[in-house]
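Participant: Quick one: the structure is below, questions incoming.
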Amino acid sequence: MHLLPHVSHHAVQGEHNGDRLTGRFGLWMANIERSIAGTFYFGEAPSYADFHLAMILNMMQKKALNHLSAKTGDVFAKYPKAAGIVTAIYALPSGEKVPYKDCLPPQYFLAEDKVAEY
């Protein structure tokens with residue numbers, strides 16, 4: 001039984017044309033984007049959800065998406081509310097103290113052979 005009857009199997013798995021951004025990632029980000037109620041997730045004041053979203057999206061960018069940007073473009077361009085939350089959180093004085101790229105070991109980042117394969 002398909003849990004999302006209004007969404008095709010190809011949309012969930014990603015189209016067979018190699019575009020991995022239209023499948024699960026796109027559905028996940030579209031759901032987040034629709035759920036954002038204001039400047040921040042629940043309205044006009046930041047909450048834990050905003051800090052968590054900023055952390056998750058920033059880590060995804062640092063670990064893999066920045067390495068793929070020449071092939072994918074800005075994958076968050078379609079999601080301005082989510083991107084706005086990331087920008088707002090990292091504009092806070094405490095947000096300047098989040099050096100994901102500097103504190104993760106090299107094996108956490110997408111390898112160059114995987115970038116070439118993408």
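Participant: What lysines could a cross-link reach from Lys114, if we take a straight Cα to Cα line under 25 Å and drop same-chain neighbours fewer than 8 places away?
Facilitator: Lys62, Lys63, Lys71, Lys78, Lys101
Participant: Order of Lys78, Lys97, Lys62 from fewest to most other C-beta atoms within 10 Å?
Facilitator: Placing the least packed residue first, the sequence is Lys97, Lys78, Lys62.
Participant: Which of rounded, prolate or oblate describes region 39-118 when judged by the alpha-carbon gyration tensor and an a/c cut-off of 1.5?
Facilitator: Verdict is oblate for region 39-118.
Every number here is computed from the coordinates shown, using simple stated rules; none is lab data. Because the structure is predicted, anything quoted here is derived from the model rather than measured. Neighbour counts run over all protein chains shown; Cβ positions are idealised from the backbone, glycine included.
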